[in-house]
Amino acid sequence: MERLARDLKKEFPDVAGFSLRNLKYMRQFAESFPEANWAAAAAQIPWGHNMLLLDRLDDPAKRLWYIQQSIEGGWSRSTLETWLKSNLYGRKGRALTNFKQTLPSTQSDMAEQILKDPYNFGFMTLDKAHREKELEQGLMDHLQNFLVELGEGFAFMGRQFRVKIEDEDYLINLLFYHVKLRRYFVVELKATEFDPRDAGQMNFYLSAVDDLLRHPGDEPSIGILLCRTKNKVKVEYALRNCTSPISVSSYETKIFKSLPKKLKSSLPTVEEIEAELSTVKNIAESIPTKPKKQTKMKARC
């Protein structure tokens with residue numbers, strides 16, 4: 001291999017790409033894609049993409065899946081690397097749903113493939129005991145990253161979206177519209193374990209959105225429940241007889257770790273800092289200031 005690399009460089013001095021490292025990748029590529037259709041698919045993405053896949057994955061089926069996704073989505077190398085790190089292959093299409101019972105077969109398969117489980121919110125950091133309000137604010141602070149994680153086609157319509165029913169206001173956490181599937185997506189955030197009552201609330205919201213917001217050409221709305229954790233059996237029981245299409249996924253985020261007790265005890269509290277600042281302000285106000293000298297202007301003849 002080393003001699004071949006030297007000979008090629010000598011024979012073709014103006015042609016790049018014949019380094020020993022690249023030759024090893026070429027051999028690995030030929031061994032990894034023995035079938036012609038696989039090699040043809042890999043030839044449609046840049047060489048840098050293939051090098052990344054050869055380095056990160058051993059399973060040829062996974063490599064082919066990422067190749068197909070790269071072609072369909074027009075992924076850059078950095079985008080491909082992001083999805084590899086977050087294990088998109090292991091998360092896409094894994095949400096628990098009732099789509100088989102509530103959507104036509106052609107629509108249910110497509111809808112399931114755009115959903116994930118778990119959703120990766122590693123772009124933000126929350127306290128271990130975070131609440132729904134903090135989760136929602138974190139997603140809004142990183143809306144672009146959130147839309148990327150949701151996937152292609154999602155358009156953000158609003159947060160705390162108000163729907164009025166019988167003179168009473170109800171607030172939907174997050175509302176999206178999918179431009180390819182031509183339907184609304186209602187997203188409800190739950191910073192706790194999935195509760196079967198969440199499905200009933202989502203069913204209510206979906207009925208309201210379909211009646212009040214859906215246009216004649218739109219498909220029935222879909223609900224996404226994002227919970228901190230979930231129990232598969234409870235989810236299946238809760239969704240079994242629901243008439244609206246609902247999915248349940250968990251989410252993962254960076255957790256802020258509190259300070260060690262020793263360090264925490266040595267730091268002042270918020271009240272102590274405020275009292276100190278108040279004392280400094282009072283001292284500053286009590287110090288007399290020197291009067292400014294007034295200069296008289298001499299009149300000129």
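One residue stands out in the stretch 204-239 among those that are within 23 Å of Leu139 (Cα to Cα) and open to solvent by 40 Å² or more (accessible area, probe 1.4 Å): the one that is farthest from the chain's Cα centre (by Cα), namely Lys230. Applying the criterion of being open to solvent by 50 Å² or more (accessible area, probe 1.4 Å) and among the charged types (D, E, K, R) to the residues of the stretch 82-101, the residue that is farthest from Ile45 (Cα to Cα) is Lys100.
Please indicate, with yes or no, whether at least one residue in the stretch 185-200 is within 30 Å of Ala129 (Cα to Cα), outside any strand (DSSP E or B), among the hydrophobic types (A, V, I, L, M, F, W, C) and touching a residue at least 24 places away in the same chain (Cβ under 8 Å). Yes, the stretch 185-200 contains a residue that is within 30 Å of Ala129 (Cα to Cα), outside any strand (DSSP E or B), among the hydrophobic types (A, V, I, L, M, F, W, C) and touching a residue at least 24 places away in the same chain (Cβ under 8 Å). None of Leu147, Leu135 is in a helix (DSSP H, G or I), open to solvent by less than 30 Å² (accessible area, probe 1.4 Å) and not hydroxyl-bearing (Ser, Thr, Tyr) except Leu135. Among residues of the stretch 27-56 that are over 14 Å from Ser70 (Cα atoms), those with a beta-carbon under 6 Å from a residue that is in a loop (DSSP other than H, G, I, E, B) and of a type outside the set (Ser, Thr, Tyr) at least six positions away or on a different chain give the pairs Ala39/Phe33.
Checking each residue of the stretch 31-53 against the condition of being modelled with pLDDT of 85 or more, in contact with a Lys or Arg (Cβ under 6 Å, 6 or more places away or on another chain), under 30 Å from Ile246 (Cα atoms) and surrounded by 17 or more Cβ atoms within 10 Å (Cβ to Cβ) gives no match.
Does Met124 satisfy the condition of being within 30 Å of Leu84 (Cβ to Cβ), in contact (Cβ under 8 Å) with a residue 60 or more places away in the chain, of a type in the set (A, V, I, L, M) and not in a loop (DSSP other than H, G, I, E, B)?
Working: within 30 Å of Leu84 (Cβ to Cβ): yes; in contact (Cβ under 8 Å) with a residue 60 or more places away in the chain: yes; of a type in the set (A, V, I, L, M): yes; not in a loop (DSSP other than H, G, I, E, B): yes.
So Met124 fits the description; yes.
Any idea which of Ala129, Ala155, Ala111 is open to solvent by less than 10 Å² (accessible area, probe 1.4 Å) and either among the aliphatic types (A, V, I, L, M) or part of a helix (DSSP H, G or I) (or both)?
Details: Ala129 fails: open to solvent by less than 10 Å² (accessible area, probe 1.4 Å); Ala155 fails: open to solvent by less than 10 Å² (accessible area, probe 1.4 Å).
Going through Ala129, Ala155, Ala111 in turn, just one is open to solvent by less than 10 Å² (accessible area, probe 1.4 Å) and either among the aliphatic types (A, V, I, L, M) or part of a helix (DSSP H, G or I) (or both): Ala111.
The values are calculated or read from the model by the stated rules, or taken from the named source; none is laboratory data. Just so it is clear, the model here is predicted, and its values are computed rather than measured. Cβ coordinates were reconstructed from backbone atoms using ideal geometry, including for glycine residues, and neighbour counts include every protein chain displayed. The protein model used for the area step is the full one, side chains on, heavy atoms only, and it has no ligands, DNA or RNA in it. Shrake-Rupley method; radii C 1.70, N 1.55, O 1.52, S 1.80 Å.
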